[in-house]
1. At a 1.4 Å probe radius, which order do Met182, Met39 fall into by accessible area, largest first?
2. How much accessible area per residue does the range 3-100 have, in Å², with a 1.4 Å probe?
3. Could you pull out the pairs from Lys187/Lys261; Lys4/Lys261; Lys45/Lys261; Lys73/Lys247 whose alpha carbons sit more than 28 Å apart here?
4. In what sequence, largest accessible area first, do Arg183, Arg6, Arg228 appear using a 1.4 Å probe?
5. Within the set Lys65/Lys181; Lys24/Lys270; Lys197/Lys393, which residue pairs have Cα atoms separated by over 32 Å?
6. What is the range 3-100's relative contact order, in percent, from Cα pairs under 8 angstrom and six or more apart in sequence?
7. Would you work out if the range 3-100 is rounded, prolate or oblate? Take a ≥ b ≥ c from the square roots of the eigenvalues of the alpha-carbon gyration tensor; rounded if a/c is under 1.5, else prolate when a/b is larger than b/c, oblate otherwise.
8. With charges only on Cβ, +1 for K and R and -1 for D and E, what is the dipole size of the range 3-100 about its Cα centre, in debye, rounded to 20?
Amino acid sequence: MDDKHRANIIENTDKLINRTEYEKLAHACKAKGLLSPIMLQNLEKIEPDMCVNWSEDEKQYERHKRLFIKITKRGPTAYQELRMILADLKYDSALCVLNALDDDSRMRSIQKREDQKYERQLSGIRECESLITTNGNNNNNSNDMHCIDRSDGAKKELNINKSNCSNEIMLEEFTDEIYPKMRLDVKKSTAVHTHPKLGTYPMQSQYNRGVFFMVNIIDFLSNDEPRRGAEGDAESLLFLFRELGFKLFSYTNISQSDFFKLLDALLNSKYTTNTECFVMALMTHGTRDDDGFERVTFHDGSIVKVEDIERYFHNHICRNLQNKPKIFIFPFCRGNIADMGIKGKIQTDSVSYISGNAKTNIPQLSDVFICYAASPGFKSHRDVEAGSWYIQKFVEMMAANAHDTSFEEIVKMIQAETSKLRTVDGHLQTANSVNMGFNKALFFNPGVWLD
């Protein structure tokens, strides 16, 4: 969240409390995913020594105040999500407090239009900050302004993306408390491990062990099916990589342009200059077109080739990560074929796509390891309550083995465990991986450092 937005909420907390009802607001924040059930439980608990002589109204006021303060710590899209919730609950006077910060009338008119769209068509779907920064053209080609022609090469692509991205979203380290649904105990190492024959990527820094960049697209303005259960995947991954000593960067429901803006900023930041390892998780709908290109969908409905994302890591573009291990976690579908072989309510992370005229442009990468949840052409599965099969097993195997086992060995365990699962119809999925010059052993060494 921007400092100005955070300050606006804090300075106007009393106004916001007087213009909203705690129970309704708390319920809406939980329903929209802005606050988790555990966060709300913690808000409800008031220490006995604080409220010895407090009335019930005073206790409720304290809970109400804590709710708004907690929202200021919920990441870069929280301010916009709160505005959408207030609009949905018809708390117009409270919404005015937040909207008053934007003096630009054009910004307010765009916000009003997006609020109306949200009210009519997207009840229950979380909006992101990019909605208030797109241009106001209301035509049938809205996706075109997100689909950037990258055929001229990666360097030009970077410049184009910078000029098309939202001015609101910012690169910000994720520091919130994390409460994963899955009980996780990440075992700690007792020594820094090395491989006697392969060589080993250095993983021994206390403060620059790694950077974890996660983008989780749950809802889609293109009316694709929401990825129910994906919130749990995000919390599990964030918890895991924090325990591994990584700095976290987490974003939900962002547009393609904001994704590339954030990625570009992170890859050229002090975080990646100093880091020993980089991990990116992109969780969304995916598919494979008729020409064999894998594509993913962003919150704004725009679709991009996976290779266009990988191109950002080409050695002459991404100098901060040269010779450092780079891991991509891609749990999305890679096609629409159901692989016949966990009983439960199962969805797939796929979306239909009609191919255009794609051009071949295969990047050359090194020190890159890509983790796929499914084989090319096949679907991946996600339980609507427990989350992605692959992410479940990824987190479980990493938590249990990262203390003394190399990453490639753990990936084989993840793939073996994923292959044991079945849908009620007997469908399965075969996770696999791609090694692009990832020629050394990688040990995460959680809890141990030498500097």
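1. On the way: Met182 45, Met39 10 Å².
If we order Met182, Met39 from most to least accessible, we get Met182, Met39.
2. Numbers: 4820 Å² over 98 residues.
Accessible area per residue: 49 Å².
3. Details: Lys187/Lys261 35 Å; Lys4/Lys261 21 Å; Lys45/Lys261 39 Å; Lys73/Lys247 16 Å.
Check vs 28 Å cut-off fails for Lys187/Lys261; Lys45/Lys261.
4. Details: Arg183 230, Arg6 60, Arg228 135 Å².
From most exposed to least exposed: Arg183, Arg228, Arg6.
5. Working: Lys65/Lys181 26 Å; Lys24/Lys270 42 Å; Lys197/Lys393 29 Å.
Pairs exceeding 32 Å: Lys24/Lys270.
6. Details: 70 pairs, mean separation 43.0, N = 98.
In percent, rounded to a whole number, it is 44.
7. On the way: a/c = 1.68, a/b = 1.49, b/c = 1.13.
Prolate, because a/c is 1.5 or more and a/b exceeds b/c.
8. Values: 17 positive and 15 negative charges, 94 e Å.
The calculation lands at about 440 debye.
The values are calculated or read from the model by the stated rules, or taken from the named source; none is laboratory data. Computed from a prediction, not measured in an experiment: that's the story for all the values here. In this analysis, Cβ positions are derived from the backbone assuming ideal geometry, glycine residues included, and neighbour counts consider all displayed protein chains. All accessible areas refer to the heavy atoms of the entire protein, side chains included, with ligands and DNA or RNA removed. Shrake-Rupley method; radii C 1.70, N 1.55, O 1.52, S 1.80 Å.
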